[in-house]
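The values are calculated or read from the model by the stated rules, or taken from the named source; none is laboratory data. Computed from a predicted structure; not experimentally measured. Ligands, DNA and RNA are excluded from the accessible area calculation, which covers all protein heavy atoms including side chains. Shrake-Rupley method; radii C 1.70, N 1.55, O 1.52, S 1.80 Å.
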Amino acid sequence: MDRKLFLQQIAIGSAGLLLAPKFSFAADVETGKVSAFSKKLKPVGRALEMDGYYIWCNSPIYGPDGKVHVFFSRWVAKKKMGGWINGSEICHAIAETPESEFKFVETILAPRGPGFWDATTCHNPFITKLGDKYCLFFMGNSNGKTDTKRIGLATAPSLDGPWIRPDQPLLLPGETGAWDDHCTTNPAVVKHHGKYMLFYKSWNTKEYEQSTDPLIKGNRKYGLAVADKLEGPYVKYAGNPIIDFSKRGTGNKQMEDAFVWLEHNKFNMICRDMGIFNHEYGLLMDSKNGTKWSEPEIAYYDAPHYIQQPEPPSYLKKYGRFERPQLLLKDGKPEYLFTASQGGKYMTASSFIFKINS
């Protein structure tokens, strides 16, 4: 065996992982659905493994100190995977480099209890700097269920805080019967031509409640809301939803967990597949204006494409896939892909990181 490859395998194996031979995806290649982005990914391995917790939603950013700051969701392991909806908190961790050990700093946002819009969970962190403020967009809910999920915005002058917590959500669902009347969640934000563009996920309550789909209820779609000021008000785009896969042939085709960035004079989106190719891959799309998007391509594959893992316990139903894709940008270009994945040292969930080779 090549010595360099052997050392790489040992390094990743120390985190409980081994490099696995890449599978052949000839059918995808023939149809031209494999993105150039997907071919640049090199697995680094797991990070932020915490005894007694599930870790999810890892949003990274470089700080003025040159270190990598990650804002992530966690909840106690006794709640199992479902704890994200009724007990998640948002925390801060720091590492010297994206491939160094991340050290826990503190909890930034925790559920506030009865009477608050974010009473029962704080989840989906997305960190970015807009002007002279650090902006932490997130989702909270007030009843431990999906129908009160709302997007909020906390701000701070520094990545170390202090964080100003919002008294009210930033974006509310649509009126009863609208495609987005159930909730607002999965925030992704960019500033373009002086406008703040907020991309969000939602679905229709009636479709959700009456769904007979055996895999997942309802149909998740994406909308856009735009504001002249960071704090809003955010006005929903008249042509929403901007991404709707529900009419694409047979089956329940959806997407979620979008991360949006500007590069090469285009909007770019990486998100999780929910039925276009399967429920294990990531999707990549681009747009000239943020409202009309290209055909989805494969952004990344499932875990067996990159690593070997032990057999999962029966309670890990999402084992083997990477969710909540978030990019660490350097000078505006993707440098690392941060995802969330079940399993790891404690058989809960943790961050899983990929290097994006140039």
Legend entry - Karplus-derived HN-Hα couplings along the range 310-316 (A = 6.51, B = -1.76, C = 1.60, θ = phi - 60°), whole Hz, x at Gly and Pro: x, 4, x, x, 5, 7, 8
Inset, instruction - Only Cα pairs under 8 Å and at least 6 apart count here; give the relative contact order of the chain as a rounded whole percent. - result: 18 percent
Inset, instruction - Once you've got the Cα coordinates, tell me which of LYS39/LYS78; LYS42/LYS217; LYS149/LYS253; LYS133/LYS201 are over 27 Å apart. - result: LYS39/LYS78; LYS42/LYS217
Legend entry - Segment ASP51-VAL76, length gained on full extension (0.36 nm per residue, minus Cα span): 8.1 nm
Inset, instruction - Starting from the Cα gyration tensor of the range 178-313, take the square roots of the eigenvalues, sort them a ≥ b ≥ c, and report rounded, prolate or oblate (rounded when a/c is under 1.5, otherwise prolate if a/b is larger than b/c, else oblate). - result: oblate
Legend entry - Whether the range 249-356 is rounded, prolate or oblate, judged on the alpha carbon gyration tensor where a/c under 1.5 counts as rounded: oblate
Legend entry - the chain: C-alpha gyration tensor shape, a/c 1.5 cut-off, then a/b vs b/c: rounded
Legend entry - Protein-only accessible surface order, largest first, of THR121, THR291 at 1.4 Å: THR291, THR121
